[in-house]
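Below is one structure; the comments refer to it alone.
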Amino acid sequence: MRQLITRVDDSLADAVKERAALTGESVNAFITRLLRGAVADARTWKADAIRAGILVSRAPQQAPAARRTISTPAGYASALVSAERDER
């Protein structure tokens, strides 16, 4: 395992420490997870985060049922509207 050293300003370092504490991780684990997410594709990152308990998996959403198109003859609606108007 290698070390990666970088310089960040004080406000960023403080924010990282706060976020790591909120997630219950060490700063090293937090930064490592963020870096993995930055270089991995979305599926890998999400799967890792779900396994680590950081994200919660939700049930897949079902696609709405296909709606059937009903064909009517041309002028059908206008004939109904006219007939309704005549009845009044």
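The values are calculated or read from the model by the stated rules, or taken from the named source; none is laboratory data. Treat the numbers as computed from the prediction; the structure is a model and nothing was measured. Here the Cβ positions follow ideal geometry from the backbone for every residue, glycine too, while neighbour counts run over all protein chains shown.
The criterion of being surrounded by 10 or more Cβ atoms within 10 Å (Cβ to Cβ), under 21 Å from the mean Cα position of the chain (by Cα) and not basic (Lys, Arg) does not hold for residue 32.
Sort out which residues of the stretch 20-43 are of a type in the set (D, E, K, R) and either farther than 16 Å from residue 53 by Cβ or modelled with pLDDT of 95 or more (or both), and write them in order of number.
Going through the stretch 20-43, the residues of a type in the set (D, E, K, R) turn out to be 25, 33, 36, 41, 43.
The answer is 41, 43.
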